[in-house]
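None of the figures in this text is laboratory data; all of them are computed from the coordinates on show. Please read these numbers as outputs of a predicted model, since none were measured by experiment. No Cβ is skipped: glycine too gets one built from the backbone with ideal geometry, and neighbour counts run over all protein chains shown.
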Amino acid sequence: MEIKEVFQTKEIKKTLEILEYYQHQCKIIAGGTDLIIQLREGKEKPIALVDISNIEELKEVKETAEWIEIGSAVTFTQIIGISYLQNKLAALVEAAASVGSPQIRNAATIGGNICNASPAADCIPPLLALDAIVVLQRKNIIREMHLEDFITDKGKAALEADELLTKIKFKKLQINQGLGFSKLGFRKALAISKISTAVYIDREQNNRCKEIRIANGALGRCGLREKKVEEYLLEKTLDKTTIHQGGIKLKEEIEKRLHGRSTVAFKKEAVIGVFQKAFKKALECCDTEGSI
Ligand SMILES: Cc1cc2nc3c(=O)[nH]c(=O)nc-3n(C[C@H](O)[C@H](O)[C@H](O)COP(=O)(O)OP(=O)(O)OC[C@H]3O[C@@H](n4cnc5c(N)ncnc54)[C@H](O)[C@@H]3O)c2cc1C
């Protein structure tokens, strides 16, 4: 089957009409950095493509009193350039900056990274740690769901054929809340992550852990939360011992999850360092003033 039509729309409404008409025979293309390869390899065989990279509404990043909203067609280069994200959300910027090369980051979008649902997608762990919500739109219906529920398996997201991911939103961070990110790749440039970890901490005045979310990439079939480690760390005093114990607990989880895989020996050890780095950055971020 060949691609017969390529649409380039400037409106969400028009995009949704095209998706409704073609259903499973149409693919959305944003930056094309994943999709073009899948088309070349014959893994995707649509008869139509709809290019969303010129829809201004999808390319906006908005800050409201409580939320940050990132349009699905926002590129990683755009995220890196937003000054108000550099403070409390430096970890998200760091994750964006770690993607591929400058050329890839100029084209690759946050929405494409999420919808492609690769286990190694770098923006997924920080967004899971932020408990981000995805906003999905089809003709006459808008629905929201937690990113955690949206990504269902390796390469799979709970996206209907006629649906468009329009934005990703998450609550702004306050003082005593922090986000940290760390990634281990193989090469400096174009390194698809071997392990990436994001940690969100809400810390009480007495240095107790009020809330924690830990998310990993490339350590399972898709980016996922480490709920057992979170439970273990909840309400503990946040000090060197806790960070160390958290790393050991995570190692045990990875050992169980990756049992039988060739990478288990390396990953179960390496994850400790990656986790501890992300954890320390999250703690430093808790001290940073500012509401984002
Ligand atoms: C050389 C190279 C290096 C890379 N390095 C990294 C890396 O280090 N880290 C990393 O995480 N990724 C990396 N990637 C992968 C890739 O760049 C990202 O996954 C990228 O963010 C995908 O975004 P895109 O806009 O290019 O998506 P596209 O390729 O346009 O689309 C990807 C998928 O998402 C769907 N889609 C896109 N937007 C929407 C939407 N708004 N609503 C519904 N569905 C949508 C498409 O239909 C398609 O199925 C690399 C890729 C290459 C080629």
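As a ratio to 2.2 N^0.38 Å, the alpha-carbon radius of gyration computed for segment 117-199 takes the value 1.24.
Bridgeable aspartates and glutamates around K281 (alpha carbons under 12 Å apart, same-chain partners fewer than 8 residues away excluded): E94. Site pair E252 and N207 shows an inter-label distance of 2.4 nm when each label is modelled 7 Å from Cα along Cα→Cβ. Were the residues from N87 through H24 laid out at 0.36 nm apart, the gain over their Cα-Cα distance would be 18.6 nm.
Determine, for each peptide in 16-28, 143-155, the mean count of other beta carbons within 10 angstrom over its residues, then list the peptides with the highest first.
Numbers: 16-28: 17.1, 143-155: 15.5.
Listed from highest to lowest mean packing, they are 16-28, 143-155.
Taking θ as phi - 60° and the Karplus parameters 6.51, -1.76 and 1.60, the scalar couplings of segment 127-137 work out to 6, 5, 5, 7, 6, 5, 10, 9, 10, 10, 10 Hz in sequence order, x denoting glycine and proline. Fully extending the segment from K227 to S262, taken as 0.36 nm per residue of separation minus the present Cα-Cα distance, adds 10.2 nm. Length, then width, then depth: along the principal axes, the Cα atoms of segment 56-171 run 35, 33, 27 Å. The modelled label-to-label distance for the pair N176/T242, using points 7 Å beyond Cα in the direction of Cβ, is 1.3 nm. For a straight C-alpha distance cut-off of 19 angstrom, the aspartates and glutamates reachable from K88 (same-chain residues fewer than eight places away being disregarded) are E63, E66, E69, D122, D131, D202, E204, E211, E284, D287, E289. Rounded to the nearest 500, the helix-only mean residue ellipticity at 222 nm of the chain stands at -10000 deg cm²/dmol, with each DSSP H run of n ≥ 4 adding -39,500 (n - 2.57).
Computed from Cα positions, the angle between helix 264-287 and the longest principal axis of the chain comes to roughly 80 degrees. In this simple spin-label model, placing a label point 7 Å from the Cα along the Cα-to-Cβ direction at both E17 and A48 gives a separation of 1.1 nm.
The Cα trace of segment 177-287 gives Rg and Dmax of 13.6, 43 Å, the first to one decimal, the second as a whole number. Subtracting the Cα-Cα distance of V6 and K156 from 0.36 nm times their residue separation leaves 51.6 nm of extension gain.
Sorted from greatest to least, the principal axis extents spanned by the alpha carbons of segment 5-51 come out as 30, 19, 13 Å. Binning all Cα-Cα separations of the chain at 10 Å, short to long from zero, yields these whole-percent fractions: 7, 29, 34, 21, 8, 1, 0. The alpha-carbon of K59 sits under 18 angstrom from the alpha-carbons of these lysines, leaving out residues fewer than 8 places away in its chain: K10, K13, K14, K167, K169. When the Cα positions of A278, I254, T288 are compared along the charge dipole of segment 248-292, I254 comes out farthest toward the positive end, with charges on each C-beta of Lys, Arg, Asp and Glu.
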